[in-house]
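Where a number appears in this text, it was derived from the coordinates with a stated rule and is not lab data. All figures in this text were calculated on a predicted structure; none of them were measured in a lab. Cβ atoms come from the backbone with ideal geometry, glycine included; neighbour counts cover every protein chain shown.
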Amino acid sequence: MNVLSPEELRRYARHLALPEFGRKGQENARRASVLVVGAGGLGSPMLLYLAAAGIGRIGIVDFDRVDETNLQRQVLYSMEDIGKPKAATARRKLLALNPHIEVEVYEEQLTSENALDIISRYDIVADGTDNFPTRYLVNDACVLAGKVNVYASIFRFEGQVSVFNHLEEDGSRGPNYRDLFPTPPPPELVPNCAEGGVLGVLPGIIGSMQANEVIKVATGVGEPLSGKLFLFDASSFTTRILKVRKNPELVIDRLIDYEQFCAPTPQAPVRQLNVHSLKELIDEGADFQLIDVREPYEYEIANLGGELIPPEQIRAQAGRISTDKKVILHCRSGKRSAAAIRELQKLHPYENLYNLEGGILAWAREIDPEMKQY
């Protein structure tokens, strides 16, 4: 039976012209099903290329909505998409690109309760997530369901790609994510893209590489990155490939609570103050010091009028911190300001430092909805 229609034969002519790919490779792509977890920075270019390449059935798991700050790197979306669900928006654009494929949408969070059910419906899973709980969940569910996990991640100027749990020629499975990273790093050492930043073009580069690995696995063309971790540094344009070996003692027999598994080690508590209490202090004209520990560019976007001391300067600028009145530190979400308080308390036994709970995001949400969020 001819899997490809005359229209598809014309569309994929450049694939068909490749001796290593040819009609068989394209028909394999047409039969393949791929679940993409995350339709953000990595998912955007990956979905575009998977759809354009003719992957027959694509699933998208994402419950987020398009935000203005996404547009710096998530090239699947445009200004008119702001506020719309990512998964549904992505589906519409992929079908406009290639009407010969199927696109299914899951506008829900992947959890230990639904992961196996959703993942088992697809041949290949492509992990485009940006958080460790979901990353470990995807890995473990792929191992349990016997699915290939095409992995990628990005941070600042660096990206990495690998193929986990690949079905080898002898019937065994290749290394998985836990063979490489048995346990997650402390969250405070790996800030998210909003706080750590990411070069806008990087997810395009790495997401395209991830799509390449998916296509190789789906079609049987080429040699996938199984047992290898590809590393890329955009700032120096250098690459490395590391070997990944299986841990024979590693056993994955069930899905667990991944939020708890990736939870940070308990740290010394800091005094908290909510945004409503801060608003009362401002309205009363109280004598207190407000310190903003974000970066200068963040301060320019939106601020509460506090004194700006970026995180890397907090030790050097400790002399600016009052010791005889209430001092409130804040950042975007409360994470960096809590860390700044702990850093200050190593230098001096402060008893007057308070962390603004929820940071400037909570202020914009609960006090001043007109304030720009980022």
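Among GLY83, LEU116, TYR136, whose Cα sits farthest toward the positive end of the charge dipole of the stretch 67-181 (+1 at Cβ of Lys/Arg, -1 at Cβ of Asp/Glu, about the Cα centre)?
Value: GLY83.
Against the longest principal axis of the chain, how steep is helix 275-284, in degrees 0 to 90 to the nearest 10, with axes from Cα atoms?
30 degrees
Rounded, prolate or oblate, given the Cα gyration tensor of the stretch 272-366, with a/c below 1.5 counting as rounded?
On the way: a/c = 1.63, a/b = 1.18, b/c = 1.38.
It is oblate, given that a/c is not under 1.5 and a/b is not larger than b/c.
Treat each spin label as a single point 7 Å out from the Cα along the C-beta direction, and report the ASP64 to LEU116 distance in nm.
With each label point 7 Å from Cα toward Cβ, the separation is 2.8 nm.
How long is the gain from SER33 to ALA13 if the chain were fully straight, where each residue apart is worth 0.36 nm and the alpha carbon distance is subtracted?
Details: separation 20, 0.36 × 20 = 7.20 nm, distance 2.12 nm.
Result for the pair: 5.1 nm of gain on full extension.
Using the Cα centre of the chain as the reference point, and only Cβ charges (+1 on K/R, -1 on D/E), how large is the resulting charge dipole? Debye, rounded to the nearest 20. Numbers along the way, then the final one.
Working: 42 positive and 51 negative charges, 240 e Å.
The dipole of the chain has a size of about 1160 debye.
Determine the relative contact order of the stretch 272-366: mean sequence separation of Cα pairs under 8 Å and six or more apart, normalised by residue count, in whole percent. List each step's numbers first, then the result.
On the way: 148 pairs, mean separation 33.1, N = 95.
Computed value for the stretch 272-366: 35 percent relative contact order.
Calculated from DSSP H runs of 4 or more alone, at -39500 (n - 2.57) each and per residue, what is the 222 nm mean residue ellipticity of the chain, nearest 500?
Mean residue ellipticity at 222 nm (helix-derived): -9500 deg cm²/dmol.
So, with +1 on the Cβ of K and R and -1 on the Cβ of D and E, and no other charges, what is the size of the charge dipole of the stretch 272-366 about its Cα centre, to the nearest 20 debye?
Working: 12 positive and 15 negative charges, 77 e Å.
Value, rounded to 20: 360 debye.
Return the FRET efficiency for the residue pair GLU300, LEU97: r is the Cβ-Cβ distance, R0 is 35 Å, and the value is rounded to the nearest 0.05. Could the numbers behind the result be given before it?
Numbers: r = 37 Å, r/R0 = 1.06.
Step by step, r from the Cβ atoms, then E = 0.40.
Simple spin-label model, 7 Å along Cα-to-Cβ: ARG173 to ARG240 in nm?
Calculated label separation equals 2.8 nm.
Over the stretch 32-261, what relative contact order in percent results from Cα pairs under 8 Å that are six or more residues apart?
Numbers: 463 pairs, mean separation 49.6, N = 230.
The normalised contact order for the stretch 32-261 reaches 22 percent.
Compare the peptides 37-45, 5-13, 68-76 by average per-residue count of other Cβ atoms within 10 angstrom and give them in order, highest first. It would help to have the intermediate numbers written out before the result.
Numbers: 37-45: 26.9, 5-13: 13.6, 68-76: 18.2.
Answer by packing, highest mean first, reads 37-45, 68-76, 5-13.
As a quick test, which of the pairs LYS93/LYS372; LYS86/LYS372; LYS147/LYS228 have an alpha carbon distance above 23 angstrom in this structure?
Values: LYS93/LYS372 28 Å; LYS86/LYS372 21 Å; LYS147/LYS228 18 Å.
With Cα atoms farther than 23 Å apart: LYS93/LYS372.
Show which aspartates and glutamates lie in cross-link reach of LYS346 when reach means a straight Cα distance below 16 angstrom and same-chain residues fewer than eight apart are skipped.
GLU312
I want the antiparallel fraction of DSSP beta bridges within the chain, as a percent rounded to 5.
Working: 19 of 50 bridges.
Taking every DSSP beta bridge with both residues in the chain, the antiparallel ones total about 40 percent.
Quickly work out the ASP233-to-VAL251 label distance, labels modelled 7 Å from Cα along the C-beta direction, and quote it in nm with one decimal.
Between VAL251 and ASP233, the simple spin-label model gives 4.1 nm.
Taking Cα pairs under 8 Å and at least six residues apart, what relative contact order does the stretch 102-164 come out at, in percent? Numbers along the way, then the final one.
Values: 71 pairs, mean separation 18.7, N = 63.
Taking the mean separation of contacting Cα pairs over the length of the stretch 102-164, I get 30 percent.
Rounded to the nearest 5, what % of the DSSP beta bridges within the stretch 85-235 are antiparallel ones? Let's see the in-between values first.
Numbers: 12 of 18 bridges.
Counting only bridges with both partners in the stretch 85-235, antiparallel ones make up about 65 percent.
Cβ neighbours within 10 Å, averaged per peptide: list 165-178, 229-242 in order, most packed at the top.
Values: 165-178: 15.6, 229-242: 13.1.
Final packing ranking: 165-178, 229-242.
Measuring from the lowest to the highest alpha carbon on each principal axis, how far does the chain reach, largest first, in angstroms?
Largest to smallest, the principal-axis extents are 81, 50, 42 Å.
Residue farthest toward the positive end of the dipole of the stretch 222-355, with Cβ of Lys/Arg at +1 and Asp/Glu at -1: which of LEU231, ILE301, PHE261?
The Cα lying farthest towards the positive end belongs to LEU231.
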